[in-house]
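Q: Okay, handing you the structure first.
Derivation of every value follows stated rules applied to the coordinates shown; laboratory data play no part. Just so it is clear, the structure is predicted and the values come from calculations on it, not from any experiment. Reconstructed Cβ throughout: ideal geometry from the backbone, glycine too, with neighbour counts over all protein chains shown.
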Amino acid sequence: MYYPHDFHRLEGELACEGVPLRRIAQAVGTPVYVYSHKTLVDHLRKLQQAFAALRPLICFSVKANGSLAILRLLVGHGAGLDIVSGGELYKALRVGCPPSRIVYASVGKTAAEIRAALRAGIFCFNVESAEELEAIHGAARRLRTVARVALRVNPNVRAHTHRYITTGVKDSKFGIDPATVQGLLRRHGRLSGVRIIGLHLHIGSQISEAAPFVRAIDRVAVLYGDGRRAGAPLEWLNLGGGLGIIYKDERPQTPQAFAAAVVPRIQRLRTRLILEPGRFIVGNAGVLVTEVLYVKSSRGKQFAVVDAGMNDLIRPALYSAYHEVMPVGRVREAANGRATYDVVGPVCESADVLATGRRLGRLGSGELLAVLGAGAYGSTMASNYNGRLRAAEVLVRGRHWAVIRARDTLKDLVRHDRLPARLIE
């Protein structure tokens with residue numbers, strides 16, 4: 001059984017650092033996300049140390065986990081933030097991230113979002129199209145400023161990951177083809193409102209080897225030569241994120257192995273480095289704790305019906321993603337060995353299945369289960385579907401813990417609804 005980092009057994013009970021998960025569930029209720037402070041900081045430090053030779057700007061990807069407490073924690077340990085919307089810009093500034101450590105991705109930035117980012121003085125936009133470059137140029141001219149931008153290159157490199165999180169192939173909506181990038185670099189001087197300071201590569205997520213990154217770097221190397229000869233001040237390479245983690249039996253590369261493969265190539269390009277990790281830092285720093293409501297048998301199958309559903313953690317339904325599930329308490333052996341269950345939620349959808357065919361011992365109503373590897377793309381992709389309340393979130397540091405996001409209330413479900421009498425009566 002895989003135990004992620006700072007989750008382990010204390011006297012038979014699953015704990016986060018020094019705090020039993022049962023204690024948190026009893027105090028806060030379920031479902032509840034629980035995060036490890038130590039894991040978050042340790043993973044950020046591993047990247048900082050592995051790439052120290054390049055003096056990297058490491059910008060945590062807010063879309064992976066947007067908790068204000070987690071963002072402030074990482075910023076306090078030297079991270080910048082990678083944002084993809086005006087809402088994430090608001091969060092980044094709210095937690096005190098210096099604008100000089102904010103990079104702005106997204107394939108569809110609105111005019112209002114561009115203006116807000118320019119006024120905030122962010123470090124760089126990752127530009128996804130020639131038309132977007134023109135839009136940023138125009139907005140910067142109207143605000144009498146100059147925007148720093150990196151052109152996102154689509155290198156047509158397949159990362160061999162799930163098709164929904166593969167972003168560097170030619171039929172993807174992301175990035176600009178190399179020929180168009182070459183033309184933009186040659187014409188860069190015509191756009192006085194922007195300064196093209198680098199190129200951006202993000203080829204996908206949950207990538208377990210360095211080879212796709214190496215191929216992508218090699219394919220854009222010629223663009224640096226062309227751009228510099230045209231006078232473009234190319235000082236940065238943004239490699240995006242994408243480092244894989246262990247969910248089951250994966251063997252992802254370590255930061256040290258990744259750095260060993262790509263640092264020499266980046267040094268030959270004579271650039272600084274930006275990284276945008278999300279999953280690597282927070283994925284295995286969090287678990288989702290849920291309570292068994294009922295156990296039912298049907299046609300030879302056993303189902304553990306729990307109080308967490310696809311609205312809390314959509315990755316299994318959306319990506320057929322695997323998450324390890326384990327009892328929080330001691331495993332109770334079944335009479336014929338370890339009983340096998342499908343762990344399913346209460347949402348009225350057939351896709352509301354968190355895990356299938358798991359050997360979990362003998363389960364009963366009221367027992368607690370932990371869904372591991374839930375720190376990334378768990379709470380940020382949650383919803384109120386089926387009128388369900390979004391889960392609480394807790395951060396643990398050593399033997400101390402605190403709620404960092406309160407559970408929704410019923411009033412939260414209707415907070416923005418209106419009942420216009422003239423239209424409905």
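Q: How much space per residue, in cubic angstrom, does the convex hull of the C-alpha atoms of the stretch 165-251 take up? Numbers along the way, then the final one.
A: Working: hull volume 9.1 nm³, N = 87.
Dividing the Cα hull volume of the stretch 165-251 by its residues yields 104 Å³.
Q: Something else: Is the shape of the stretch 88-162 rounded, prolate or oblate, going by the alpha carbon gyration tensor and its root eigenvalues a ≥ b ≥ c, with a/c under 1.5 for rounded and a/b larger than b/c for prolate? Walk me through the intermediate numbers first.
A: Values: a/c = 2.28, a/b = 1.33, b/c = 1.71.
It comes out oblate by the Cα gyration axes.
Q: Let me ask something else. Answer rounded, prolate or oblate for the stretch 102-143, using the Cα gyration tensor with square roots of eigenvalues a ≥ b ≥ c: rounded when a/c is under 1.5, else prolate when a/b is larger than b/c, else oblate.
A: Working: a/c = 1.62, a/b = 1.09, b/c = 1.49.
Verdict is oblate for the stretch 102-143.
Q: Where in the stretch 133-155 does the label zone of Thr180 land, with the point 7 angstrom along Cα→C-beta and an amide N cut-off under 11 Å?
A: Answer for the stretch 133-155: 133, 152-154.
Q: To the nearest 20 debye, what is the magnitude of the charge dipole of the chain about its Cα centre, counting +1 on the Cβ of each Lys and Arg and -1 on the Cβ of each Asp and Glu?
A: Dipole about the Cα centre, nearest 20: 1100 debye.
Q: Calculated from DSSP H runs of 4 or more alone, at -39500 (n - 2.57) each and per residue, what is the 222 nm mean residue ellipticity of the chain, nearest 500?
A: Values: 13 runs with 123 residues, N = 425.
Rounded to the nearest 500, it is -8500 deg cm²/dmol.
Q: In the stretch 1-61, with Lys and Arg counted as +1 and Asp and Glu as -1 at Cβ, which of these residues, Gly18, Phe51, Tyr35, has the Cα nearest the positive end of the dipole, that is, farthest along it?
A: Phe51
Q: For a quick check, take a GNM of the chain with Cα springs below 10 Å and name the residue from Asn386, Asn284, Asn126 with the largest mean-square fluctuation.
A: Comparing Asn386, Asn284, Asn126 in a Gaussian network model of the chain, the most mobile one is Asn386.
Q: Please work out the FRET efficiency for the pair Arg195 and Met381, using the Cβ-Cβ distance as r and a Förster radius of 41 Å; give the result to the nearest 0.05.
A: Values: r = 35 Å, r/R0 = 0.84.
The formula returns an efficiency of 0.75 here.
Q: If you don't mind, there's one more thing I want to ask. Test of understanding: what is the full-extension gain from Lys301 to Arg229, defined as 0.36 nm times their sequence separation minus their Cα-Cα distance?
A: Net length gain for the segment: 19.3 nm.
Q: What is the local net charge at Ala391, summed over the other residues whose Cβ is closer than 11 Å to its Cβ (Lys, Arg +1; Asp, Glu -1)?
A: Values: positive: Arg388, Arg390, Arg405, Arg407; negative: Asp307, Asp312, Glu393, Asp408.
Around Ala391, the surrounding residues sum to 0.
Q: Another question, if that's okay. Given the Cα-Cα distance of Leu318 and Arg45 and 0.36 nm per residue of separation, how much length would full extension add, in nm? List each step's numbers first, then the result.
A: Values: separation 273, 0.36 × 273 = 98.28 nm, distance 3.10 nm.
95.2 nm is the gain from fully extending Leu318 to Arg45.
Q: Describe numerically, in nm with one decimal, the distance between label points set 7 Å from Cα along Cα→Cβ at Gln256 and at Arg94.
A: 3.9 nm
Q: Could you give the dipole magnitude of the stretch 105-277 about its Cα centre, charging the beta-carbon of Lys and Arg +1 and that of Asp and Glu -1, in debye to the nearest 20? Write out the running numbers ahead of the final one.
A: On the way: 26 positive and 14 negative charges, 127 e Å.
Dipole magnitude for the stretch 105-277 comes out near 600 debye.
Q: Please state the equivalent ellipsoid semi-axes for the stretch 105-277: what are the square roots of 5 times the Cα gyration tensor eigenvalues, largest first, in whole Å?
A: Those come to 28, 18, 14 Å.
Q: Ok, one more. Over all distinct alpha-carbon pairs, what is the Kirkwood Rh of the stretch 231-283 in angstrom? Intermediate results must be reported in sequence, preceding the final value.
A: Values: mean 1/r = 0.0792 Å⁻¹.
Hydrodynamic radius (Kirkwood, Cα only) of the stretch 231-283 equals 12.6 Å.
Q: May I pose another question? Skipping prolines and chain starts, which residues have an amide H placed within reach, meaning under 5 Å, of the one on Asn126, given they are 5 or more residues away or on another chain?
A: Tyr104, Ala105, Ala150
Q: Further question: Hey, with R₀ at 25 Å, roughly what FRET efficiency would Arg187 and Arg142 work out to, going by the Cβ-Cβ distance, to 0.05?
A: Values: r = 21 Å, r/R0 = 0.83.
Computed FRET efficiency for Arg187 and Arg142 comes out at 0.75.
Q: Take the chain, connect every pair of alpha-carbon atoms lying under 10 Å apart with a spring to form a Gaussian network, then pick out the residue of Ser297, Ser379, Ser100 with the largest mean-square fluctuation.
A: Greatest mean-square fluctuation among the candidates belongs to Ser297.
Q: Can you give me the angle between helix 255-269 and the longest principal axis of the chain, using Cα atoms only, in degrees from 0 to 90, rounded to the nearest 10?
A: So the inclination is approximately 10 degrees.
Q: Here's something else I'd like to know. From the cross-link list Lys46/Lys173; Lys91/Lys173; Lys173/Lys411; Lys38/Lys301, which pairs have alpha carbons spaced over 30 Å apart?
A: Working: Lys46/Lys173 32 Å; Lys91/Lys173 26 Å; Lys173/Lys411 38 Å; Lys38/Lys301 39 Å.
Beyond 30 Å between Cα atoms: Lys46/Lys173; Lys173/Lys411; Lys38/Lys301.
Q: Mean-square fluctuation check for the chain, GNM, Cα pairs under 10 Å: which of Gly18, Gly283, Gly231 is largest?
A: Top of the fluctuation ranking is Gly231.
Q: Counting only DSSP beta bridges with both residues in the chain, what percent are antiparallel, rounded to the nearest 5? Show your work: numbers first, answer last.
A: Details: 34 of 69 bridges.
Expressed as a percentage, antiparallel bridges in the chain total about 50.
Q: Apply the Kirkwood formula to the chain: the hydrodynamic radius equals the inverse of the mean of 1/r over all pairs of different alpha-carbon atoms; give it in Å with one decimal. Please list the in-between numbers first.
A: Working: mean 1/r = 0.0436 Å⁻¹.
The Cα-based Kirkwood calculation yields 22.9 Å.
Q: Quote the FRET efficiency, to the nearest 0.05, computed for Glu13 versus Ala421 with a Förster distance R0 of 56 Å and r equal to the Cβ-Cβ distance.
A: On the way: r = 54 Å, r/R0 = 0.97.
Step by step, r from the Cβ atoms, then E = 0.55.
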